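Have a look at the structure below before the remarks.
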Amino acid sequence: MLAGKHILLIIGGGIAAYKALDLIRRLQDQGGRVTPVLTKAGEEFVTPLSVSALAGCAVHRDLFDLTAEADMGHIQLSRSADLVVVAPATADLMAKMAQGLANDLASTLLLATDTPVLLAPAMNVRMWEHPATQRNLARLIDDGIEVVGPNQGGMACGEFGPGRLSEPEEIVAAVAARFEKGPLAGKRIIVTSGPTHEPIDPVRYIANRSSGAQGTAVARALRALGAEVVFITGPATVRPPEGVEVVPVQTAREMEAAVLAALPADAGVFAAAVADWRVVSAASQKMKKTKEGLPVLEFAENPDILKRVSTMKTNRPALVVGFAAETNNVLEYASEKRLRKGCDWIVANDVSPGTGIMGGGENAVTLISEDGAETWPRMAKEAVAERLAKRIASALDC
Ligand code: CTP
């Protein structure tokens with residue numbers, strides 16, 4: 001699985017550092033070559049001797065290790081690998097990375113590298129949940145860093161929650177996924193997601209209840225199959241997936257412009273809950289209560305992005321997938337919608353309040369194509385996304 005791959009493994013200081021020893025062995029079992037780097041704090045938890053004995057090579061520890069500088073400078077060391085893995089990634093290491101600090105060997109390597117980086121965080125649950133760590137995490141994800149874990153569970157400190165280092169086999173799977181060419185490798189797919197916000201004035205807007213969960217899961221599943229994903233998202237409540245190009249937008253018209261700019265693509269999945277209407281000439285200043293009575297808002301219809309892309313003469317993606325959120329007559333409305341919009345597939349779902357689907361974790365969908373309607377059992381949105389991504393891969397003949 002990892003034959004010929006060179007992994008630079010940075011071991012941070014935390015009680016979970018002992019798992020890095022197992023990780024070295026498992027990476028090697030898969031054919032990987034591991035060059036270990038141990039931070040000063042890491043040395044408090046595992047000895048350099050055990051790390052180098054397992055890795056079968058010297059462990060790098062000091063930024064100013066002159067022998068290593070003569071032999072292989074830290075710049076070269078940071079770039080010689082196919083992947084840099086940080087496990088455990090402590091709150092301190094994450095903070096240094098997010099700020100671009102370079103005051104020891106590990107942080108210097110991480111700043112100097114042009115190699116993809118995979119973090120496996122591990123820390124106390126309060127430290128993980130602290131806004132500072134979450135800010136650093138968001139910044140690192142934005143910078144294109146991939147993250148595996150942390151897991152939920154009991155911790156060495158006696159607390160319970162997210163913060164446990166992912167198991168070595170999970171980290172190995174995440175490493176392997178980086179090198180695997182999925183069936184969608186080489187395919188470019190646009191995914192729209194989330195709601196749009198249509199301004200009334202600078203402080204008020206029209207929105208809907210979409211969380212962006214289903215669109216995010218679809219983008220993640222397509223990426224996991226190797227697609228290059230352009231993820232165009234309105235203001236969603238869930239975090240965008242890792243490893244995709246994120247294009248944040250607010251309004252339907254911004255979303256349309258972003259979609260057009262992202263073409264050509266092999267497929268488009270339009271999961272966004274685009275507002276159908278916008279307020280004509282939104283006020284440039286906050287609207288105030290007046291004696292003249294209630295404000296009257298005049299609406300204009302927003303561009304139908306799905307329809308526009310589906311009916312393009314040139315540049316139409318080979319596969320265009322729309323979503324239909326309905327509260328009644330789901331199949332009838334969704335089948336009609338597929339024909340009206342000109343898309344290839346419609347993923348129809350019932351979002352009436354009793355279903356708990358809008359904003360919830362599960363979805364029950366029917367996939368409508370020219371071959372008919374196929375109802376899938378109710379399942380997690382991630383599972384719907386994975387099934388849909390596989391169908392897209394076979395439809396694109398991968
Ligand atoms: N859609 C779009 N642009 C719009 C409205 C909708 O791209 N302005 C896309 C959505 O992303 C979704 C599909 O069209 O894939 C259906 O969205 P939906 O809101 O269910 O349909 P509407 O066009 O609003 O139709 P209706 O008002 O009849 O429900």
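The values are calculated or read from the model by the stated rules, or taken from the named source; none is laboratory data. Just so we're clear, the structure is a prediction, and the values are computed from it rather than from any experiment. In this analysis, Cβ positions are derived from the backbone assuming ideal geometry, glycine residues included, and neighbour counts consider all displayed protein chains. We work out accessible area using only protein heavy atoms, side chains counted, and drop any ligands, DNA or RNA first. Shrake-Rupley method; radii C 1.70, N 1.55, O 1.52, S 1.80 Å.
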Global size of the range 188-395 as Cα Rg and Dmax, reported in angstrom:
17.4, 62
At 1.4 Å probe size, put SER335, SER394 in order of accessible surface, largest to smallest.
SER394, SER335
Treating the Cα atoms of the range 346-388 as identical point scatterers in vacuum, please give the log10 of the normalised Debye intensity I(q)/I(0) at q = 0.22, 0.31 Å⁻¹, two decimals.
-0.70, -1.15
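With contacts defined as alpha carbon pairs under 8 Å and 6 or more residues apart, what's the relative contact order of the range 149-294 in percent?
Computed value for the range 149-294: 27 percent relative contact order.
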Förster radius 56 Å - calculated FRET efficiency between ARG178 and GLU298 (Cβ-Cβ, nearest 0.05):
0.65
Can you give me the accessible area per residue for the range 188-395, using a 1.4 Å probe, in Å²?
50 Å²
Of the beta bridges DSSP finds with both residues in the range 6-179, what % are antiparallel, to the nearest 5?
20 percent
The chain: angle of helix 131-142 to the longest principal axis, Cα-based, in degrees nearest 10:
80 degrees
Set the Förster radius R0 to 51 Å, insert the Cβ-Cβ distance between LYS286 and LYS40 as r into 1/(1 + (r/R0)^6), and round the FRET efficiency to 0.05.
0.45
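Under Stokes-Einstein, with the Kirkwood radius over Cα pairs standing in for Rh, what whole-number D in µm²/s applies to the range 283-396 at 37 °C and 0.692 mPa s?
Translational diffusion coefficient: 198 µm²/s.
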Under a point spin-label approximation (7 Å from Cα along Cα-to-Cβ), what is the LEU111-HIS6 distance to one decimal in nm?
2.3 nm
Under the Debye formula (equal points on every Cα, no solvent term), log10 I(q)/I(0) of the range 106-254 at q = 0.19 Å⁻¹
-1.26
Taking LYS381 as the anchor, which lysines have their alpha carbon closer than 16 Å to its alpha carbon, excluding any fewer than eight residues away along the same chain?
LYS390
Keeping all protein chains in position, work out how much accessible area TYR18 exposes to a 1.4 Å probe, and write it in Å² to the nearest 10.
130 Å²
I want to check the label-to-label distance for LEU260 and GLU362. Put each point 7 Å from Cα in the C-beta direction and report it in nm to one decimal.
4.2 nm
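Can you give me the convex hull volume of the Cα atoms of the range 87-186, divided per residue and expressed in Å³?
Taking the convex hull of the Cα positions in the range 87-186, it is 117 Å³ per residue.
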Expressed per residue, the solvent accessible area of the range 6-179 in Å² (1.4 Å probe) is about 44 Å²
Which of the peptides 276-288, 166-178, 219-231 is most tightly packed, and how do the rest follow, going by the mean number of other Cβ atoms within 10 Å of each residue?
219-231, 166-178, 276-288
Where Rh denotes the Kirkwood radius from the mean inverse Cα pair distance, what is Rg over Rh for the range 6-179?
0.94
Based on alpha-carbon centroids, what's the gap between the range 211-278 and the range 123-190 in Å, whole number please?
22 Å
Given just the C-alpha atoms of the chain, how large is their convex hull per residue in cubic angstrom?
182 Å³
Could you work out the relative contact order of the range 188-395? I mean the mean sequence separation of Cα pairs under 8 Å and 6+ apart, divided by the number of residues, in percent.
21 percent
With angles folded into 0 to 90 degrees, how steeply does helix 18-29 sit against the dominant principal axis of the chain? Use alpha carbons for both and round to 10.
80 degrees
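Provide the gained length on full extension for the span GLU332 to GLN250, in nm with one decimal, where the gain is 0.36 nm per separating residue minus the Cα-Cα distance.
26.4 nm
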What fraction of the DSSP beta bridges in the range 86-206 is antiparallel, stated in percent and rounded to the nearest 5?
65 percent
Could you put CYS157, CYS57 in order of accessible surface area, largest first, with the 1.4 Å probe and the full protein assembly present?
CYS157, CYS57
Most positive-pole-ward Cα, ALA252, ALA176, ALA217, against dipole of the chain from beta carbon charges
ALA252
Could you tell me which of rounded, prolate or oblate describes the range 215-315, using a ≥ b ≥ c as the square roots of the eigenvalues of the alpha-carbon gyration tensor, with rounded for a/c under 1.5 and, failing that, prolate when a/b is larger than b/c and oblate otherwise?
prolate
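Counting only protein heavy atoms and a 1.4 Å probe, tell me what percentage of the chain's accessible area is made up of carbon and sulfur.
In the chain, the share of accessible area belonging to carbon and sulfur is 51 percent.
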With both bridge residues required to lie in the chain, what share of the DSSP beta bridges run antiparallel, to the nearest 5%?
35 percent
Between ALA395 and GLU370, the two model label points (7 Å from Cα along the beta-carbon direction) sit apart by a distance in nm of 1.2 nm
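Note down the relative contact order for the chain as a percent, whole number, built from C-alpha pairs under 8 angstrom at least six residues apart. Let's see the in-between values first.
Details: 833 pairs, mean separation 43.9, N = 398.
Relative CO of the chain lands at 11 percent.
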Taking the Cα atoms only, what angle lies between the long axis of helix 213-224 and the longest principal axis of the chain, rounded to 10 degrees?
50 degrees
How long is the gain from ALA138 to ASP22 if the chain were fully straight, where each residue apart is worth 0.36 nm and the alpha carbon distance is subtracted?
38.9 nm
